[in-house]
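A.B. asks: Sharing a structure with you now.
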Amino acid sequence: MSAFNAIDADREVDREEYTPGIEPQATWCPGCGDFSVLKALKGAMSELGKDPEEILLVTGIGCSGKLNSYFDSYGFHTLHGRALPVARAAKLANPELEVVAAGGDGDGYGIGGNHFTHTARENHDITYIVFNNEIFGLTKGQTSPTSPKGHKSKTQPHGSAKDPVRPLSMSLTAGSSYVARTAAVNPNQAQEILVEAIQHDGFSHIDFLTQCPTWNKDAKQYVPYIDIQQNEDYEFDISNRQEAAEVIYDTELALHDGEVLTGRYYQQEGRLSYTQEKQEIGEMPEEPLAERYHDDDYEWERCYDMLDAHR
Amino acid sequence: MPEDLNWAVGGEAGDGIDSTGKIFAQALSRAGRHVFTSKDFASRIRGGYTAYKVRTSVDRVESVVDRLDILIALTQRTVDENLDELHDDSIIIYDGERSMMSDFETPGETIGLDVPLKRLAEDAGGAIMRNIVALGAACAVSGFNIEYLDESLEKRFGGKGEAIVDNNKAAARAGAEYVEEEYDFSAPYDLETTDNDYVLLNGGEAIGMGALAAGCRFYAGYPITPATDVMEYLKGRIEDYGGIVVQAEDELSAVNMTLGGARAGARAMTATSGPGIDLMTETFGLVATSETPLVICNVMRSGPSTGMPTKQEQGDLNQMLYGGHGEIPRFVLAPTNIAECFHKAVEAFNLAEKYQLPVYLTSDLSLAVTEQTFEPEEFDMEAVEIDRGKVVDEETIGEWQNEKGQFKPHAITDDGISPRSFPGTDGGAHMSTGLEHDELGRRTEDTDMRIEQVDKRDRKVDTAREREDWGYREFGDAEADTLILSWGSNEGAMREAIGMLAEDDIDVRLISVPYIFPRPDLTDEVEAAEETIVIECNSTGQFADLIEHDTLSRVQRINKYSGVRFKADELAEEVKAALGEPTEVEA
């Protein structure tokens, strides 16, 4: 039993428990894909029976960063691009917490790209949802790292000269042990994938296509979509890195041809998380370090013997 | 002025200079002698000049001086670099059989002892022990009981097996015997030993030890000179106390990880130097506005930009005080010596948690690389108290909930301090954000609430001013007309300079300030003095500016920004010049 009384409370949790009592209506635009992320997350957490108070939801900056304003749990709205270091450290300090990080495509694949790479590489046991709308929404419609080549915006009036980043390929290469893409228009699949991602032991990355009806009008609503697990054209083994890489490559190309492929791309079972790796080599305690602190009667260790090494 | 011996070993980076010097310093400490060390080094792995200098006395020593009595020179350049510090009685130990030293001629009247270091080492079991032979020779020259060197060798090489230890002891003896047999002179020094029990450590180690004693159990960092010692000290020790050290991908990640660890409930710290502070400043405002306790250790080095990474400077004071957009409440502590690094580290954690804001713990290169002896009692573990501030648990949480049962992490209080609940605590769920927020942590742009929250955060600083001791350390003559103000690491050299000035009938009062913000109000002290001189290692006088701002008085400034710390004798001369007294150079 954890010293933190909300952890492992083991009870039924209604999805409405994640709806904050006082927050005004979400300020996302009507038709925004972000609503679907919120809905899927509530559904997934409820399905998993997670107490709101054992969840830490860490967000970056942008429309996506408001996710935890509308989701009742412990929430931390951090800086642009920095959600992942905060999230993974909280998980290290208290592995019993259910830690979810979320941000936009600019946040995760642009300004926070280095953190994305290294968090994936280290395989922290957290879930990362990237709201991918291929645009900067909150700053009103500038080109983002995932905007397609040729995409016109106020900052690229003649069309973007850059190829977009390949988020799923980046993720796979960096070392994510669970890689999936879902879309706002597919709520059932979104919830299923979130449940899997949260349950997965290791770093789970979900590229969540969230249409921006206000600033990316020419972008698709991400319909019709194809669930690659339900389509016989895409039969492959998601535990096979090479096969996953090929399907991911096709998926990223297809999106800009108007074909929306979604589903699970890669899942590596059995790989140790960073916490487990550290424990294996004796660099991390088995007992969550945050827990020691929380005990009122905790006797702080005195470090007398440290001085002896200096004699 | 203490009866001191100044000793150095120098050569190229890669010659093992550092460990050789440390072995000798350790031996002196074991012999009950005080030690103060310094290093000349460059930012490179091999080549270039590097030296480890040891000043030792039976009295406490707290600075370096411009004098070398015994020099082990592995290269010609070692001698060239130290010509100014050598005097007629200086002894230079060198290996004339080393090709690069075959034409070596001792400068001036100095005494050269040609000792075949490498050959004697090979006879004892391996050329790698060349420096140990030199240490043995140095023992003979300084009249220092070689058995203390044995103890130090046992400590250094004990883990490698008895044979290695014995070989090293034999190598040391070969060096000593060679000097005694080949050179017909009696040791000009006779290093007295005492039964005193000392510990020898540097500023990085003292900060690491203080952090551990203070209950720091989460450290995330990115290696940078000269702050890496803190991380390396914690690594391998923090695990024994149930904590972790994480090496992050960059300083942005390091500080945000520290923030994440702190929010989850750990006492957390990161350490870096100027270039890292630049990056971490991004997160500084979030730390303050989310009211998260965080300790950032800044081991200053010479800037701007990459500057001189292995050189001394106190150039980051304004950066720490003012860095970051918007108005960010923060504390800045600047320990004035190595023992104080320990105590201020403990204090930094308590202040951070009591007032829920970022705390800079700043030292500098000269504190970081200096090894100094202290009485073990100066690191009193029993006296360490841990105050986590207003943390709530399931029993106390009710006091901080609104009528709907919602927790108020930014509750408006008289003292400005709000409660903290860690994730996982029932009834404590809340949002926290870098946006302006209400008592519940929900973002707001309400003008009244904005003002209330800003005032609340500022009020914490006022509360801290009232509740905590922000005093200074004082030395010299409290009634003197001349007031010297110092911050951070200059204290030791200035303390010794006081004695030198007294010999010329110049009395000074030294106020050494360990708190930059909040800091003591020195108006009365400055007004009472006829002359106030602020000493610091930067070119513009950043601390002097603060003093002028605080006291509305003009002060004199002694600034050093060559990359080398103040030396006691140099400071004495500078103070004399500032007072219009004849200096040694003029006289």
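A.B. asks: I'd like to check which strands (runs of 3 or more DSSP E) are fully inside the range A:57-145 and have at least 1 residues that are more than 8 Å from chain B (Cβ to nearest Cβ) and within 16 Å of B:Ala248 (Cβ to Cβ).
C.D. replies: A:98-104
A.B. asks: Can you pull out the helices (runs of 4 or more DSSP H) entirely within the range B:46-143 that have at least 3 residues that are charged (D, E, K, R) and over 17 Å from B:Asp18 (Cα atoms)? So that I can check it myself, show each step before the final result.
C.D. replies: Values: elements: B:76-81, B:117-124, B:130-142.
Counting at least 3 such residues, we get B:117-124.
A.B. asks: Kindly evaluate B:Asp448 against the criterion of being modelled with pLDDT under 95 and either crowded, with 18+ Cβ neighbours inside 10 Å or of a type outside the set (A, V, I, L, M, F, W, C) (or both).
C.D. replies: In short, no.
A.B. asks: Working only within the range B:216-235, note down all residues that are surrounded by fewer than 24 Cβ atoms within 10 Å (Cβ to Cβ) and touching a Lys or Arg at 6+ places or on another chain (Cβ under 7 Å).
C.D. replies: B:Thr225, the sole residue that qualifies.
A.B. asks: Okay, moving on. Test A:Arg82 against the criterion of being among the basic types (Lys, Arg) and surrounded by fewer than 24 Cβ atoms within 10 Å (Cβ to Cβ), and give yes or no.
C.D. replies: no
A.B. asks: Taking the range A:30-47 as the search range and keeping residues that are among the hydrophobic types (A, V, I, L, M, F, W, C) and assigned to a helix (DSSP H, G or I), which one is farthest from the chain's Cα centre (by Cα)? Don't jump to the end; show me each part of the working.
C.D. replies: Here is the first cut: in the range A:30-47, the residues among the hydrophobic types (A, V, I, L, M, F, W, C) are A:32, A:35, A:37-38, A:40-41, A:44-45.
Subsequent filtering for residues that are assigned to a helix (DSSP H, G or I) retains A:35, A:37-38, A:40-41, A:44-45.
On the way: A:Phe35: 16, A:Val37: 11, A:Leu38: 12, A:Ala40: 13, A:Leu41: 11, A:Ala44: 13, A:Met45: 14 Å.
Per the criteria, the residue is A:Phe35.
Okay, residues lined up against (1) within 14 Å of chain A (Cβ to nearest Cβ); (2) under 35 Å from the mean Cα position of the chain (by Cα); (3) in a helix (DSSP H, G or I):
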{"site": "B:Thr425", "(1), (2), (3)": "yes, no, no"}
{"site": "B:Asp458", "(1), (2), (3)": "no, yes, yes"}
{"site": "B:Asp462", "(1), (2), (3)": "no, yes, yes"}
{"site": "B:Ala480", "(1), (2), (3)": "no, yes, no"}
{"site": "B:Ile484", "(1), (2), (3)": "no, yes, no"}
{"site": "B:Ala502", "(1), (2), (3)": "no, yes, yes"}
{"site": "B:Ile506", "(1), (2), (3)": "no, yes, no"}
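A.B. asks: If we scan the range B:552-559, do we find a residue that is hydroxyl-bearing (Ser, Thr, Tyr), over 18 Å from B:Asn490 (Cα atoms), in a helix (DSSP H, G or I) and outside the structural domain of B:Asp66 (by TED's automatic domain parsing)?
C.D. replies: Within the range B:552-559 (the criterion being hydroxyl-bearing (Ser, Thr, Tyr), over 18 Å from B:Asn490 (Cα atoms), in a helix (DSSP H, G or I) and outside the structural domain of B:Asp66 (by TED's automatic domain parsing)), the answer is no, since none of the residues qualifies.
A.B. asks: Under the condition of being more than 10 Å from chain A (Cβ to nearest Cβ) and in a strand (DSSP E or B), which residue from the range B:363-392 is surrounded by the most Cβ atoms within 10 Å (Cβ to Cβ)?
C.D. replies: B:Ser363
A.B. asks: Looking at A:Lys50, is it assigned to a loop (DSSP other than H, G, I, E, B), touching an Asp or Glu at 6+ places or on another chain (Cβ under 7 Å) and more than 7 Å from chain B (Cβ to nearest Cβ)?
C.D. replies: So A:Lys50 passes the test.
A.B. asks: Also, I was wondering about something else. Scan the range B:411-429 and tell me whether some residue there is surrounded by 23 or more Cβ atoms within 10 Å (Cβ to Cβ) and under 22 Å from A:Gln25 (Cα atoms).
C.D. replies: Checked the range B:411-429: at least one residue is surrounded by 23 or more Cβ atoms within 10 Å (Cβ to Cβ) and under 22 Å from A:Gln25 (Cα atoms).
A.B. asks: May I pose another question? For the range B:51-106, which residues satisfy the criterion of being more than 25 Å from B:Ala176 (Cβ to Cβ) and in contact with a helix residue (DSSP H, G or I) (Cβ under 6 Å, 6 or more places away or on another chain)?
C.D. replies: B:Glu62, B:Ser63, B:Val65, B:Asp66, listed by residue number.
A.B. asks: Within the range B:176-198, does at least one residue satisfy the condition of being under 20 Å from the mean Cα position of the chain (by Cα), within 11 Å of chain A (Cβ to nearest Cβ) and outside any loop (DSSP other than H, G, I, E, B)? Working first, answer last.
C.D. replies: Taking the range B:176-198 and keeping what is under 20 Å from the mean Cα position of the chain (by Cα), we get B:198.
Imposing the further condition that a residue be within 11 Å of chain A (Cβ to nearest Cβ) reduces the set to B:198.
Pick out the ones that are also outside any loop (DSSP other than H, G, I, E, B) and you get none.
Checking the range B:176-198: not a single residue is under 20 Å from the mean Cα position of the chain (by Cα), within 11 Å of chain A (Cβ to nearest Cβ) and outside any loop (DSSP other than H, G, I, E, B).
A.B. asks: Can you tell which of A:Leu253, A:Leu261, A:Leu209, A:Leu307 is more than 10 Å from every other protein chain (Cβ to nearest Cβ), free of Cβ contacts under 8 Å to residues at least 12 places away in the same chain and of a type outside the set (D, E, K, R)?
C.D. replies: Values: A:Leu261 fails: free of Cβ contacts under 8 Å to residues at least 12 places away in the same chain; A:Leu209 fails: free of Cβ contacts under 8 Å to residues at least 12 places away in the same chain; A:Leu307 fails: more than 10 Å from every other protein chain (Cβ to nearest Cβ).
Unique residue meeting the criteria: A:Leu253.
A.B. asks: Among what's in the range A:9-46 and is surrounded by fewer than 15 Cβ atoms within 10 Å (Cβ to Cβ) and among the charged types (D, E, K, R), pick the residue that is modelled with the lowest pLDDT.
C.D. replies: Of everything passing the filter in the range A:9-46, A:Asp10 is modelled with the lowest pLDDT.
A.B. asks: Could we say that B:Glu327 is within 14 Å of chain A (Cβ to nearest Cβ) and under 30 Å from B:Gly416 (Cβ atoms) here? It would help to see each step written out before you state the result.
C.D. replies: Details: within 14 Å of chain A (Cβ to nearest Cβ): no; under 30 Å from B:Gly416 (Cβ atoms): yes.
Answer is no for this residue.
A.B. asks: What's the number of the only condition in (1) within 30 Å of A:Asn5 (Cβ to Cβ); (2) in contact (Cβ under 8 Å) with a residue 12 or more places away in the chain that A:Tyr234 fails to meet?
C.D. replies: Failed condition: (1).
A.B. asks: If you check A:Lys217, A:Lys162, A:Lys154, which single one turns out to be in a loop (DSSP other than H, G, I, E, B), in contact with a Pro (Cβ under 9 Å, 6 or more places away or on another chain) and not hydrophobic (A, V, I, L, M, F, W, C)?
C.D. replies: Details: A:Lys217 fails: in contact with a Pro (Cβ under 9 Å, 6 or more places away or on another chain); A:Lys154 fails: in contact with a Pro (Cβ under 9 Å, 6 or more places away or on another chain).
Going through A:Lys217, A:Lys162, A:Lys154 in turn, the sole match is A:Lys162.
A.B. asks: Another question, then. Report, by residue number, each residue of the range B:168-207 that is touching a residue at least 40 places away in the same chain (Cβ under 8 Å) and within 27 Å of A:Ala290 (Cβ to Cβ).
C.D. replies: Within the range B:168-207, B:Gly204, B:Ala206, B:Ile207 qualify.
A.B. asks: Something else now. Which one of A:Asp308, A:Asp257, A:Asp250, A:Asp233 is over 21 Å from the mean Cα position of the chain (by Cα) and closer than 30 Å to B:Arg30 by Cβ?
C.D. replies: Numbers: A:Asp257 fails: closer than 30 Å to B:Arg30 by Cβ; A:Asp250 fails: closer than 30 Å to B:Arg30 by Cβ; A:Asp233 fails: closer than 30 Å to B:Arg30 by Cβ.
From the options A:Asp308, A:Asp257, A:Asp250, A:Asp233, the qualifying one is A:Asp308.
A.B. asks: For the range B:432-445, check the following and say yes or no: at least one residue is touching a Phe, Trp or Tyr at 6+ places or on another chain (Cβ under 7 Å), touching a residue at least 12 places away in the same chain (Cβ under 8 Å) and outside the structural domain of B:Ser290 (by TED's automatic domain parsing). Steps first, please.
C.D. replies: Restricting attention to the range B:432-445, the residues satisfying the condition of being touching a Phe, Trp or Tyr at 6+ places or on another chain (Cβ under 7 Å) are B:432.
Now narrow it down to the ones that are touching a residue at least 12 places away in the same chain (Cβ under 8 Å): B:432.
With outside the structural domain of B:Ser290 (by TED's automatic domain parsing) added as a condition, the list becomes B:432.
Yes, the conditions are met somewhere in the range B:432-445.
A.B. asks: Being over 16 Å from B:Cys297 (Cα atoms) and buried (at least 24 other Cβ atoms within 10 Å of the Cβ): is that true of B:Gly210 here?
C.D. replies: Numbers: over 16 Å from B:Cys297 (Cα atoms): no; buried (at least 24 other Cβ atoms within 10 Å of the Cβ): yes.
No.
A.B. asks: Next question, about the same structure. Please verify whether the range B:433-449 includes one or more residues that are hydrophobic (A, V, I, L, M, F, W, C) and closer than 17 Å to B:Val534 by Cα.
C.D. replies: no
A.B. asks: So in the range B:280-304, with the set limited to residues that are aliphatic (A, V, I, L, M) and more than 22 Å from the chain's Cα centre (by Cα), which one is farthest from the other protein chains (Cβ to nearest Cβ)?
C.D. replies: Looking at the filtered set, the residue picked out is B:Ala288.
A.B. asks: Take A:His158 and decide whether it is on the phi < 0 side of the Ramachandran plot, without any contact (Cβ under 8 Å) to a residue 12 or more places away in the chain and in contact with a Lys or Arg (Cβ under 8 Å, 6 or more places away or on another chain). Reasoning before the result, please.
C.D. replies: On the way: on the phi < 0 side of the Ramachandran plot: yes; without any contact (Cβ under 8 Å) to a residue 12 or more places away in the chain: yes; in contact with a Lys or Arg (Cβ under 8 Å, 6 or more places away or on another chain): yes.
Considered against the rule, which asks whether it is on the phi < 0 side of the Ramachandran plot, without any contact (Cβ under 8 Å) to a residue 12 or more places away in the chain and in contact with a Lys or Arg (Cβ under 8 Å, 6 or more places away or on another chain), A:His158 comes out as yes.
A.B. asks: Within 18 Å of the chain's Cα centre (by Cα) and closer than 30 Å to B:Lys354 by Cα: does that describe B:Ala206?
C.D. replies: Yes: the conditions hold for B:Ala206.
A.B. asks: Give the number of residues within the range B:393-408 that are crowded, with 17+ Cβ neighbours inside 10 Å, more than 10 Å from chain A (Cβ to nearest Cβ) and assigned to a loop (DSSP other than H, G, I, E, B).
C.D. replies: 1
The values are calculated or read from the model by the stated rules, or taken from the named source; none is laboratory data. Quantities reported herein were computed from a predicted structural model and do not represent experimental measurements. FYI the Cβ positions are ideal-geometry reconstructions off the backbone, even for glycines, and counts take in every protein chain you see.
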